[in-house]
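*Asks:* Below are the structure tokens for one structure; questions will follow.
The values are calculated or read from the model by the stated rules, or taken from the named source; none is laboratory data. Keep in mind that this is a model prediction, so the values were computed, not measured. Ideal geometry is used to build each Cβ from the backbone, glycine not excepted, and the neighbour counts take in all protein chains shown. What goes into the accessible areas is simple: the full protein's heavy atoms, side chains included, and nothing from ligands, DNA or RNA. Shrake-Rupley method; radii C 1.70, N 1.55, O 1.52, S 1.80 Å.
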Amino acid sequence: MNAQIDHNLEEIRRFRPSPEFAAQSVARQSLYTDAAEDRLGFWADRARELHWHKPFTKTLDWTNPPFATWFEDGELNVAYNCLDRHVLAGHGDRIAIHWEGEPGDSRDISYAELTAEVKRAANLLTSLGIEAGDRVAIYLPMIPEAVVAMLAIARIGAVHSVVFGGFSPDSLHSRILDAEAKLVITADGGYRKGRVFGLKDTVDAALGKGAPSVAHVLVVKRTGNDVAWEDGRDLWWGDEIAQVDADHEAKAFPAEQPLFILYTSGTTGKPKGILHTSGGYLTQAAFTHRNVFDLHPESDVYWCTADVGWITGHSYVVYGPLANGATQVLYEGTPDTPHPGRWWEIIEKYKVSILYTAPTAIRSFMKVGRQIPQKYNLRSLRVLGSVGEPINPEAWIWYRHVIGGGSIPVVDTWWQTETGGIMISALPGITDLKPGSAQIPIPGISLDIVTDEGEPVSGTDGGLLVITEPWPAMLRGIWGDPERFKETYWDKFGDKYFAGDGARRDEDGDIWLLGRVDDVMNVSGHRLSTAEIESSLVAHDMTAEAAVVGAADETTGQAVVAFVILKERQTVTLTNEEASEQLRAHVARQIGAIARPRQVFIVNELPKTRSGKIMRRLLRDLAEGREIGDTTTLADTAVMQSITDQVR
Ligand code: WTA
């Protein structure tokens, strides 16, 4: 095993696009030269590929940094661009969504049908008093109504805040409050790992904590499980939608009309509501989706496995693909239900040609073995994408060979909730591929790697990734907190956006991502904050103090590992195993199952500096089974020994 890893760490093969692929490639080398010659003109041209009710005359306004506007005097309707436009162009019969439920029920929805559903939903929202600028929370499983709801909200100029269905009542509650949502759209339940999970129950619990802004809850019937009902507040989506007008005209909204808020973890305990607007966001989502995945909308079947609760689901399930008139698969469930070949079965069934997923998924398939995917016909695949965390060369090669049959491009895409769209990626058909590296900025994006002082690093030194020029899909702020927006991303370097990732360039100038440099963990491609999990742990009665670190994990990239000091009295009533189990369950309940620590170690002390700061670096050494690093700045250097004895 070690020999194999060593071998792959030295992976130096380069993969040139095949001549056949290059010949039919959507992307052209000229994109790079055009963008280098006239960056703003390049983006303006990309924006003009959308439908504008009123054309823009200004491209970028950066006179008040870090607050940018793009295409400011233009007007468009995002949903019109994703729907009506394709129907009017004669593609109404094209399948927009092949939807596959976890239990095996399925539904094909054409662009004409999707447009019709969104029109009705838009009328329904208006009848419930939702107006342009109002916020609507969405808490849904991966069912077509999730897409319909997002587009209907966009269509009337309102703002959606999608909350991932795995989040707890507390997490949902704080997001509803922060955005002052007027309406929550949910379902009775969803299917996951063969079981029904009750979403409406979670909404009830969240609203039970008090949410004065919420007037209504719209409930999609998915699983048919019993739900509690509050007359006057709760409404069945299906009943209501049947009563509204079928016709709806998409009105124009300014390019900078807020489109959505999406909460993500930061370095403090409180999630940040990342704000995205319309014209620039859609421009970059559509452009990158078409070029990075080499999308041929008339023949490709695209599948992005992300949940709509994350940014990847926003940009590369909803807005990018639909703006491009793509046919895509939407799957409700988990990769291994009801059997471990579920994903490959779906690819075979729909002849998926482009697959976009996360390294953590690939690594878990590697663990189970190639004999599972090899039972299915995956020959329809022609482009593979990766996102969410660095993809190790070993997983890259496995992905290309076992899933891709050994000859198709794998693109590793780096970006963030904040960037709105892909920023670093190879373009298949153009770039020579290099396993493990995200490679180069996409055309029109300017970035750099700098030292802590903001100076460009020399040669192949590691440093901090910064974005040096505004880009169309950039976040426009943190909802309700302009100060935090400046502080988090801009104060460090003044005029450059600080991404929070470490990176280096190799001899060829290709970029390698080195992981987060702040207190943000990346677990299965999901961002979690150490501070948020620590505050959840100390909120438990039995906890005196807690420290959380992200420790390297073979499958999930990083895993949450917690070190907890119990209050005196607990230590007599519970064993350490019991306390640890209770605390793991507590975090899952408070934040969501994705935040459940892999391990909770009960300890007597935590390593602190003389000024009282916890030295997480040492705890990470311990959690990763490494020799403990430099302890000289500890107030009490014997502490690490005592913790190590307790943990090992
Ligand atoms: C990490 C997900 C290495 C990175 C789209 C970033 C990656 C954070 C990659 C954003 C990649 C994402 N290689 N690291 N290809 N893609 N990341 O906001 O640390 O959920 O800052 O957006 O994921 O996570 P987010």
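*Asks:* Of all the accessible heavy-atom surface of region 520-647, with the other protein chains kept in place and a 1.4 Å probe, what percent is carbon and sulfur?
*Replies:* 47
*Asks:* If you wrap a convex hull around the C-alpha atoms of the chain and split its volume per residue, what is the figure in Å³?
*Replies:* Expressed per residue, the convex hull around the Cα atoms of the chain is 162 Å³.
*Asks:* Determine the dipole magnitude for the chain: charges of +1 sit on the beta-carbon of Lys and Arg, -1 on that of Asp and Glu, nothing else is charged, the reference point is the Cα centre, and the result goes in debye to the nearest 20.
*Replies:* 800
*Asks:* Name the residue farthest towards the positive end of the dipole of the chain from the options Leu282, Phe493, Gly165, assuming +1 on Cβ of Lys and Arg, -1 on Cβ of Asp and Glu, about the Cα centre.
*Replies:* Selected residue: Gly165.
*Asks:* Taking K and R as +1 and D and E as -1, what net charge do the other residues with C-beta under 10 Å from the C-beta of Asp188 add up to?
*Replies:* +1
*Asks:* Moving on to the next point. Describe numerically, in nm with one decimal, the distance between label points set 7 Å from Cα along Cα→Cβ at Ser18 and at Glu49.
*Replies:* Result: 2.5 nm between the two label points.
*Asks:* Charges on Cβ only, +1 for Lys and Arg, -1 for Asp and Glu, centred on the Cα centroid of the chain; of Gln257, Leu433, Pro472, which one is farthest towards the dipole's positive end?
*Replies:* Final value for the positive-end residue is Leu433.
*Asks:* Place the peptides 549-556, 12-19 in order of packing, highest mean first, counting for every residue the other Cβ atoms within 10 Å and averaging per peptide.
*Replies:* 549-556, 12-19
*Asks:* Please report the relative contact order for region 520-647, taking Cα pairs under 8 Å with a sequence separation of at least 6, and give it as a percent rounded to a whole number.
*Replies:* Across region 520-647, relative contact order equals 22 percent.
*Asks:* Roughly how many debye, to the nearest 20, is the charge dipole of region 494-648 about its Cα centre, given +1 on each Lys and Arg Cβ, -1 on each Asp and Glu Cβ, and no other charges?
*Replies:* Taking the Cα centre of region 494-648 as origin, the dipole is about 380 debye.
*Asks:* Ranked from highest to lowest mean number of other Cβ atoms within 10 Å per residue, what is the order of the peptides 246-255, 76-85?
*Replies:* 76-85, 246-255
*Asks:* Would you compute, from DSSP H runs of 4+ residues alone, the mean residue ellipticity of the chain at 222 nm, taking -39500 (n - 2.57) per run and dividing by the full residue count, rounded to the nearest 500?
*Replies:* -8000 deg cm²/dmol
*Asks:* With unit charges on the beta carbons (Lys and Arg positive, Asp and Glu negative) and the dipole taken about the Cα centre of the chain, which residue among Met521, Gly385, Gly309 sits farthest to the positive side?
*Replies:* Looking along the dipole axis, the top candidate is Gly385.
*Asks:* Another question, then. So for region 520-647, considering every pair of alpha-carbon atoms, how many percent are separated by more than 23 Å?
*Replies:* Pairs farther apart than 23 Å: 28 percent.
*Asks:* Could you work out the local net charge near Val603, counting Lys and Arg as +1, Asp and Glu as -1, over the other residues with Cβ closer than 15 Å to its Cβ?
*Replies:* -3
*Asks:* For Ile97, which sequence-distant residues (separation of 5 or more, or a different chain) have an amide H within less than 5 Å of its own amide H, given hydrogens modelled in the peptide plane?
*Replies:* So Ile97 has HN proximity to Ile109, Gln328.
*Asks:* With +1 on the Cβ of every Lys and Arg and -1 on the Cβ of every Asp and Glu, and nothing else charged, how large is the dipole of region 338-485 about its Cα centre, in debye rounded to the nearest 20?
*Replies:* 1340
*Asks:* What percentage of all Cα-Cα pairs in region 127-239 are separated by more than 23 Å?
*Replies:* 19
*Asks:* Residues in region 377-405 near a label at Val368, defined as backbone nitrogen under 14 Å from the 7 Å Cα→Cβ point?
*Replies:* 403
*Asks:* Does anything in region 251-294 have its amide N under 12 Å from the 7 Å Cα→Cβ label point of Leu88, and if so which residues?
*Replies:* Only 251-252 fall inside the zone, counting backbone N under 12 Å.
*Asks:* From the P(r) of region 263-345, could you give the percentage of C-alpha pairs in the tail past 16 Å?
*Replies:* Percentage above 16 Å: 60.
*Asks:* Ok, one more. Hey, what's the Cα Rg ratio for region 176-260 versus the globular rule of thumb, 2.2 N^0.38 Å?
*Replies:* Compared with the compact-globule rule of thumb, region 176-260 sits at 1.29.
*Asks:* State, to one decimal in nm², a quarter of the convex hull surface area for the C-alpha atoms of region 573-628, i.e. the direction-averaged projected area.
*Replies:* 5.2
*Asks:* State, as an integer percentage, the relative contact order of the chain based on alpha-carbon contacts under 8 Å between residues 6 or more apart.
*Replies:* After rounding, I find 13 percent.
*Asks:* Arg28: net charge of surrounding residues, Cβ under 15 Å, Lys/Arg +1, Asp/Glu -1, itself excluded?
*Replies:* With Lys, Arg at +1 and Asp, Glu at -1, the neighbours total -3.
*Asks:* May I ask what percent, to the nearest 5, of DSSP beta bridges between residues of the chain are antiparallel?
*Replies:* Once the DSSP bridges in the chain are tallied, antiparallel ones form about 60 percent.
*Asks:* Of the accessible area of region 279-415, with the probe set at 1.4 angstrom, what percent is carbon plus sulfur?
*Replies:* C and S fraction of accessible area: 53 percent.
*Asks:* In region 85-236, what percent of the accessible surface is made up of carbon and sulfur (1.4 Å probe, ligands and nucleic acids excluded)?
*Replies:* Carbon with sulfur: 48 percent of the solvent-accessible area.
*Asks:* Let me ask something else. I'd like the accessible area for Ile97: 1.4 Å probe, protein heavy atoms, all chains in place, Å² to the nearest 10.
*Replies:* 0
*Asks:* With a 1.4 Å probe and all protein chains left in place, how much accessible area per residue does the chain have, in Å²?
*Replies:* 38
*Asks:* Here's another thing I want to ask about it. Which parts of region 98-129 would a label at Lys375 reach, counting a residue when its backbone N lies under 19 Å from a point 7 Å out along Cα-to-Cβ?
*Replies:* 102-105
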